[in-house]
Amino acid sequence: MSDAPQREWRFYVSDMITFAENVMSYTDGFDVDRFVNSGITYDATLRNLELLGQLQKIN
């Protein structure tokens, strides 16, 4: 068990909103084929979705 202080729930919500906004901005104007073949955009989007999922597990 960690002795690190707990973050307030507001910070988690703020992070979740930021990750979701990143996903929306990265994929704006993309169709499925362009997105899947985009390389960096695809990777960055998946990473933000992973981070969003990790925060949901914490709370």
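Annotations for the structure displayed:
- Consider region 1-12 and keep the residues that are surrounded by fewer than 13 Cβ atoms within 10 Å (Cβ to Cβ) and modelled with pLDDT of 90 or more. The one that is farthest from Thr41 (Cα to Cα) is Arg10.
- Applying the criterion of being surrounded by 11 or more Cβ atoms within 10 Å (Cβ to Cβ) and not aromatic (Phe, Trp, Tyr) to the residues of region 26-42, the residue that is farthest from Gln56 (Cα to Cα) is Arg34.
- Asp15 fulfils the conditions (1) within 19 Å of Gln56 (Cα to Cα); (2) surrounded by fewer than 10 Cβ atoms within 10 Å (Cβ to Cβ) except for a single criterion, (2).
The values are calculated or read from the model by the stated rules, or taken from the named source; none is laboratory data. What you are looking at is a predicted structure, and each value in this text was computed from that prediction instead of being measured. All Cβ positions, glycine included, derive from the backbone under ideal geometry; neighbour counts span all protein chains shown.
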